[in-house]
Amino acid sequence: MQVYLPIAEMTVDAFLLVGIGFAVGWLSGLFGVGGGFLLTPSLILLGVPAPVAVASGANQVLGASTSGMIAQWRRGNVDWTMGGVLVAGGLVGSAIGIQLFAWLKSAGLVDAAVSLFYVVVLGALGTLMVLESARAILRRSKKRQARLHEHFWMHGLPFKLRFRKSRLFISVIPPLLVGATVGLLSSIMGVGGGFMLVPAMIYLLGMPTGVVIGTSLFQVVCVAAAVTVMAAWQLGTVDIVLTLLLLLGGVAGAQFGAQMGTRLRGEETRFLLGALVLSVAGLLLWGLIDTPARLFNLSAG
Amino acid sequence: MRWLLALLLLSLPAVAEEPLVARLSTDRVELSTTFTGGSVMVFGSTAQPIGPGGAEVIIMARGPDLPFTVRRKVQVLGLWFNGPAARYGAVPAFYAVAGTLPAWRLLPEALRRQYALGLDMLRLTPTGAREPEFRAALVEIKQEAGLWQEDIAPVDIVGGRLFHVNLPLPATIPAGDYTVEVLLVDSRRVAARELLAFRVERVGTAATIADVSRGQPLLYGVICVVLAILAGWLGSVLFRRN
């Protein structure tokens, strides 16, 4: 069934969009990630203009993360103080990101910039994940003593705040910076940023794993909502028809994927996810390196 | 098609009194959420015989003028980025020319330029890059999208005095006011001329969405947030697997 996307101004097969939503939702349920980093590139490859793919991707992430956040909230797994600091940083980061995006759009550099961001961020992340999980799989027999809390330069920063739920007494500067970075990426890449937020919360901030998922989902929901509003307001690039079709497939897919994910072991999951992240980065890098079929392109405005 | 044409021709007033009478099959094209392209038929009759040995008919249709930018990709550190740009302030978003014969065989260049008959006769003045490759690329991309058409199908002649042509409208045509100019050409000059118009309108949900997103973008953003949250929540309730 062909459907006209009013903001993307193009006609696509509705079932194809629901299918993409389902596939990405399934993978995200399987690996326990938001899936925005798979969704936005898929839309761009489908021919959706990059600004619309990014903004609608962020809008989709909002919908896909809502139910997870509510579930975590019910179980009391959200550190509201930490969440508030992260969101404050996230709002600043995403506001900067939207301005940067508007400038890139006027210079005709959005497509290349979005691809480049994906290549750099996903390339680095995928490499780290693959290396780390491969090491973990090889060393499975040896048990290492984990220290509860390591002290380094970060703990000398001022403006300390007590985060009761996370059992931390640290400066607000690192969580603010983490939130801002993730907000910036969210507005330029159309992702929730959970894939960066979770490792940063565990390794950099030293939060206990129990509250990490709930708190990161809280930040993702708030920042994705902010990016949606700012993109709709300043760029006019949110396509609600696109978002809703993707959500229809995505939410169903996530439930099936999550069911299957429980059968995979941690290291294998991280290895597979890392490989997936690397292949998306590779595909987009190829798009930048490959000599374009036509040197000229046309855009409205 | 034939019977439809016959039916439409019945609606023409006093055929053969005027040198040229032309009409459109519709004055309104609706862009709905399920629009996958359509067409407009231009038909009419002439007082004098048309076709080989007689007069000829040229039809030119154009859509709203919109700004477009053509960019050329350049290689930086092995990666391809958009480089130099040529911005055209007013480019017809849709343009089609058709005739019983190609326009360049019927009219001298000065007249073709005056009436903008032919893709090479469109007045396109860029700011920025001025190389002819940019204009060529603009024409090529528009043609490939089916938004610019030059003699893709000839104007059919029936019975020496009746003519018709079907102008295909691709799915990507923008909303706005479209004009259709019908010219009767005799011995390399324009003998008669008729100006017609139709409107391409967004209708239904797609129109409402586009209007709200442009007119009240902040409200639209908030609606998108609420709808996404509702859809996500509803979906997780419906598809719960445990």
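The values are calculated or read from the model by the stated rules, or taken from the named source; none is laboratory data. Just so you know, these numbers come straight off a predicted model, no measurement behind them. Heads up, the Cβs are rebuilt from the backbone with ideal geometry, glycines too, and the neighbour counts pull from every protein chain shown.
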Just one listed residue, out of A:L246, A:L242, is assigned to a helix (DSSP H, G or I), in contact with a strand residue (DSSP E or B) (Cβ under 8 Å, 6 or more places away or on another chain) and within 14 Å of chain B (Cβ to nearest Cβ), and it is A:L242
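Of the residues A:V182, A:V251, only one is of a type in the set (A, V, I, L, M, F, W, C) and farther than 14 Å from A:G89 by Cα; which? Quick ask: steps written out before the conclusion?
Working: A:V182 fails: farther than 14 Å from A:G89 by Cα.
Sole residue among the options that is of a type in the set (A, V, I, L, M, F, W, C) and farther than 14 Å from A:G89 by Cα: A:V251.
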Residue list for segment A:106-129, filter: farther than 27 Å from B:R72 by Cβ and out of contact with any Leu (no Cβ under 8 Å at 6 or more places or on another chain): A:A124, A:L125, A:L128
Kindly indicate whether A:A53 is touching a helix residue (DSSP H, G or I) at 6+ places or on another chain (Cβ under 9 Å), in contact (Cβ under 8 Å) with a residue 60 or more places away in the chain and within 14 Å of chain B (Cβ to nearest Cβ). no
Looking at segment A:211-218, is at least one residue under 18 Å from the mean Cα position of the chain (by Cα) and among the small types (G, A, S)? yes
Within segment A:20-34, considering residues that are at pLDDT 85 or above and of a type in the set (G, A, S), the one surrounded by the most Cβ atoms within 10 Å (Cβ to Cβ): A:G25
When residues of segment B:77-128 are filtered for being within 14 Å of chain A (Cβ to nearest Cβ), outside any strand (DSSP E or B) and under 25 Å from B:V40 (Cβ atoms), how many remain? 3
Which one of B:R188, B:R199, B:R214, B:R161 is within 14 Å of chain A (Cβ to nearest Cβ) and basic (K, R)? B:R214
What are the pairs with Cβ atoms under 7 angstrom where one residue, in segment B:193-214, is more than 22 Å from B:T179 (Cβ to Cβ) and the other, located anywhere, is at pLDDT below 90 and assigned to a strand (DSSP E or B)? Sequence gap at least six, or different chains. B:A206/A:Y4; B:A206/B:L31; B:A210/B:R202
Restricted to segment A:258-277 and to residues being in a helix (DSSP H, G or I) and of a type in the set (S, T, N, Q), the residue surrounded by the fewest Cβ atoms within 10 Å (Cβ to Cβ) is A:Q259
Out of all the residues in segment B:140-156, which are of a type in the set (A, V, I, L, M, F, W, C) and either part of a loop (DSSP other than H, G, I, E, B) or under 13 Å from the mean Cα position of the chain (by Cα) (or both)? B:A145, B:L147, B:W148, B:I152, B:A153, B:V155
For segment B:188-242, how many residues meet the condition of being polar (S, T, N, Q) and touching a helix residue (DSSP H, G or I) at 6+ places or on another chain (Cβ under 6 Å)? 2
Checking the structure you have, find out if any residue of segment A:249-257 is assigned to a helix (DSSP H, G or I), more than 8 Å from every other protein chain (Cβ to nearest Cβ) and either modelled with pLDDT of 90 or more or farther than 20 Å from A:I70 by Cβ (or both). yes
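Residue under question is A:A58, and the condition is that it be out of contact with any Phe, Trp or Tyr (no Cβ under 8 Å at 6 or more places or on another chain), away from every other protein chain (no Cβ under 14 Å) and in contact (Cβ under 8 Å) with a residue 12 or more places away in the chain; does it hold? Steps first, answer last, please.
Values: out of contact with any Phe, Trp or Tyr (no Cβ under 8 Å at 6 or more places or on another chain): yes; away from every other protein chain (no Cβ under 14 Å): no; in contact (Cβ under 8 Å) with a residue 12 or more places away in the chain: yes.
Answer is no for this residue.
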Among the numbered criteria (1) facing another protein chain (nearest Cβ under 9 Å); (2) in contact with an Asp or Glu (Cβ under 8 Å, 6 or more places away or on another chain); (3) surrounded by fewer than 16 Cβ atoms within 10 Å (Cβ to Cβ), which one does B:A207 miss? (3)
Would you be able to say whether some residue in segment B:162-175 is over 18 Å from B:M60 (Cα atoms), in contact with a Pro (Cβ under 8 Å, 6 or more places away or on another chain) and β-branched (V, I, T)? no
Got at least one residue in segment B:130-139 being touching a residue at least 40 places away in the same chain (Cβ under 8 Å), surrounded by fewer than 20 Cβ atoms within 10 Å (Cβ to Cβ) and under 10 Å from the mean Cα position of the chain (by Cα)? no
Run A:T209 past the list (1) more than 14 Å from chain B (Cβ to nearest Cβ); (2) in contact (Cβ under 8 Å) with a residue 12 or more places away in the chain and report the number of the one that doesn't hold. (2)
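Check A:V280, A:V238, A:V251 and return the single one that is surrounded by 14 or more Cβ atoms within 10 Å (Cβ to Cβ), more than 17 Å from A:W26 (Cα to Cα) and within 18 Å of the chain's Cα centre (by Cα).
Of A:V280, A:V238, A:V251, the one residue that is surrounded by 14 or more Cβ atoms within 10 Å (Cβ to Cβ), more than 17 Å from A:W26 (Cα to Cα) and within 18 Å of the chain's Cα centre (by Cα) is A:V238.
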Residues that are within 13 Å of another protein chain (Cβ to nearest Cβ) and in a strand (DSSP E or B), drawn from segment B:164-175: B:L169
Does any residue in segment B:20-36 that is among the aromatic types (F, W, Y) come within less than 6 Å, Cβ to Cβ, of a residue that is buried (at least 18 other Cβ atoms within 10 Å of the Cβ) six or more places away or on a different chain, and which pairs are these? B:F35/A:Y4
Does segment B:30-75 hold any residues that are in a strand (DSSP E or B) and within 9 Å of chain A (Cβ to nearest Cβ), and which are they? B:L31, B:L66, B:P67, B:F68, B:T69, B:V70, B:R71, B:R72, B:K73, B:V74, B:Q75
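Which members of segment A:212-239 meet the condition of being aromatic (F, W, Y) and either within 12 Å of chain B (Cβ to nearest Cβ) or in contact with a strand residue (DSSP E or B) (Cβ under 8 Å, 6 or more places away or on another chain) (or both)?
Here is the first cut: in segment A:212-239, the ones aromatic (F, W, Y) are A:218, A:233.
Listed by number, the list holds a single entry, A:W233.
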